[in-house]
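> Input: one structure, supplied below.
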Amino acid sequence: MSAVSGEGKNILDVIKEKARAKNRRVVLPEGHEPRVIAAAKMIVEQKIASVTILGDKETIARHAREYALELDKVQVIDPQKSELLPSFAQEFYELRKAKGITEAQAEETMKNILFFGAMLVRRDLADGSVAGSVKTTGDVLRAGIQVIGMAPGIKTVSGSFMMVVPKYRDQVNKVFLYADSAVVPNPNPEQLASIAVSTAQTMKNLIGEEPKVAMLSFSTKGSATHEDVDKVLAALEILRKNYPELKVDGEFQVDAAIVPEVAKSKAPGSEIAGYANVLIFPDLDAGNIAYKLTQRLANASATGPIVQGLAKPSNDLSRGCSAQDIVDTTAIAMLMKG
Ligand SMILES: CC(C)(COP(=O)(O)OP(=O)(O)OC[C@H]1O[C@@H](n2cnc3c(N)ncnc32)[C@H](O)[C@@H]1OP(=O)(O)O)[C@@H](O)C(=O)NCCC(=O)NCCS
């Protein structure tokens, strides 16, 4: 992952600086993975966050020796043996008993590193979790959804990508957020509205720019009629009603959203058209294809998926990630709390 901000500074460096100032704690559940230990060392040395590592203490100690991580600089918890386990299991049982879970199942689930890590975040014993170097995205998301739960008013977890385009019109290193590009295949209007709200929040938390949200479609302001356009308009209506302060407009084709000259003719009078920095795609096909096209054709950097919509941060990694990716994602997770 690498990206550069408009001022010429690497945007991930800016995000790390902001994370440092927050002085927060990350939990890295996959302590049995050497890349996680290598990342923990960098996170501590660069003072990006305090670190809690989960797993078997002997395995972690072995990796720590290999990567010269001083274990007195981090907190290590073995979920299987932790004194927190009974109360975590009880809380999880209360959360899930309506779904038919037993107390024994709750305790078993809480021994799982991802669920234990998510409970540390739920209890504010950590400010965010970063996992997925070994576990799948589905596993990481499920622990977040079941233990941390959704942010107020948000219906769905989604995944945004921070796209940094080296040169866009007269701007250098222009930042856009794209969503959903990772999680929800065919969002309904409520979900689409949630994706827009969460991505706007991510723009504020990570980049500090005012979000200008475009609800994208193959139609601009009624140029076509179709049930897919109606879906986008229904989401827009929800946003206007429930989030009147949010700068959002649509439905827009993407050129009307980001090109001022096109906006003038296709969407005259819109405050967002031509100047959107948050692009909300009508479905996952569009969102995923768009980020990869931008990456390949515009030579943009793509950072993500940034998991959003949870009440507290739980971020995902690609299983092919490097230790540096874990460090970068930790900095992002530390800012997702706002
Ligand atoms: C999110 C995900 C893990 C859910 O999978 P699942 O557990 O099989 O989903 P289910 O449909 O059985 O739902 C399980 C629960 O999660 C909830 N849920 C599912 N998707 C959700 C979402 N996106 N946001 C919030 N809640 C969600 C369901 O409402 C359900 O809740 P409940 O148990 O309280 O009733 C799954 O959609 C997934 O793996 N997505 C990631 C896809 C992926 O890998 N993308 C590539 C990344 S680059």
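Computed from the coordinates by the stated procedures, all read-outs in this text should not be read as laboratory data. Everything quoted here is computed from the prediction, not taken from an experiment. For neighbour counting, all protein chains shown are included, and Cβ atoms are generated from backbone atoms with ideal geometry for every residue, glycine included.
> To the nearest 500 deg cm²/dmol, what mean residue ellipticity at 222 nm is calculated for the chain from DSSP H runs of n ≥ 4 alone, each contributing -39,500 (n - 2.57), summed and divided by the residues?
Calculated mean residue ellipticity at 222 nm is -12500 deg cm²/dmol.
> What does DSSP give for the chain in terms of the percent of beta bridges that are antiparallel, rounded to the nearest 5?
Of those bridges, close to 40 percent are antiparallel.
> Looking only at Cα atoms, what is the convex hull volume of the range 220-269 per residue, in Å³?
Hull volume normalised by residue count: 75 Å³.
> Leaving out same-chain residues fewer than 8 places away, which lysines sit with a Cα under 18 Å from that of Lys241?
Lys155, Lys212, Lys231
> Another question about this same structure. Could you order the peptides 44-56, 196-208, 92-104 from most to least packed, using the average number of other C-beta atoms within 10 Å per residue?
Descending mean neighbour count gives 196-208, 44-56, 92-104.
> How much length is gained on full extension from Ala298 to His226, taking 0.36 nm per residue of separation minus their Cα-Cα distance?
22.9 nm
> Could you tally the net charge around Ala200, taking each other residue with its Cβ under 14 Å from the Cβ of Ala200, Lys/Arg +1 and Asp/Glu -1?
In short, -1.
> Right, something else. Please find the FRET efficiency linking Glu66 to Glu271, where r is the Cβ-Cβ separation and R0 is fixed at 56 Å, and quote it to the nearest 0.05.
E between Glu66 and Glu271, to the nearest 0.05, is 0.55.
> For the chain, take the convex hull of the Cα atoms, compute a quarter of its surface area, and give me that in nm², please.
If you wrap the Cα atoms of the chain in a convex hull and average its projections, you get 17.3 nm².
> Starting from the Cα-Cα distance between Asn23 and Ile145, subtract it from 0.36 nm times their residue separation and give me the gain in nm to one decimal.
Working it through step by step, the gained length comes to 41.4 nm.
> Past 29 Å, Cα to Cα: identify those pairs from Lys57/Lys204; Lys266/Lys337; Lys81/Lys135, in the order given.
Flagged as over cut-off: Lys57/Lys204; Lys266/Lys337.
> Would you mind calculating the gained length between Val172 and Lys47 on full extension (0.36 nm times residue separation, minus the Cα-Cα distance), in nm to one decimal?
Contour length minus the Cα-Cα distance gives 42.1 nm.
> Here's a follow-up. Given 37 °C and 0.692 mPa s, how large is the Stokes-Einstein diffusion coefficient of the range 167-217 in µm²/s, with Rh as the Kirkwood radius over Cα pairs?
D = 269 µm²/s.
> Further question on the same structure: Let me understand the range 255-309 better: what is its radius of gyration from the alpha carbons, and its Dmax, in angstrom?
13.1, 36
> In the range 158-304, what % of DSSP beta bridges are antiparallel (nearest 5)?
If I count the DSSP bridges inside the range 158-304, around 50 percent turn out antiparallel.
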